[in-house]
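As structure tokens, the structure follows; a few thoughts come after it.
Nothing in this text is a laboratory measurement; each read-out follows from the coordinates by a stated rule. Since we're looking at a predicted model, the values are computed, not measured.
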């Protein structure tokens, strides 16, 4: 993954589009976990971690806090991958968290009506 090129391309987008990209990554990761595609899930979650970091600067304080929460969560999952990925309850919990955050970001970004 060429992080510098990805960051430059990502930061050219408006904040709404950035939130949409992150929401998409979160739901893709949840889907990959559900179908047992560990490497694809991990790759998308790592990308999402960076998207959360890069998006924070253009947001209000509350949304910055949400991005920090998502980024920290994804970073912790990355660091402890083998420990939680082999645990069915942790997988289910992670899928739920990812899907919930995706929906929340879509609402915050104005993609969904309340």
### Summary
Nearest 10, in degrees from 0 to 90: the angle of helix 61-79 to the longest Cα principal axis of the chain is 30 degrees
### Task
Please tell me the relative contact order of the chain in percent, rounded to the nearest whole number, where contacts are Cα pairs under 8 Å and at least six residues apart.
35 percent
### Query
Hey, in the GNM for the chain with a 10 angstrom Cα cutoff, which one of 92, 12, 66 fluctuates hardest?
12
### Query
Length gain on complete extension for the stretch residue 8 to residue 103, per 0.36 nm per residue less the alpha carbon to alpha carbon distance?
31.6 nm
### Query
Is the shape of the range 45-103 best called rounded, prolate or oblate, per the rule: a/c under 1.5 gives rounded, else a/b larger than b/c gives prolate, else oblate, with a ≥ b ≥ c the square roots of the Cα gyration tensor eigenvalues?
prolate
### Message
Rounding to the nearest 10 and keeping the result within 0 to 90°, find how far the Cα-based axis of helix 15-35 lies from the longest principal axis of the chain.
### Response
10 degrees
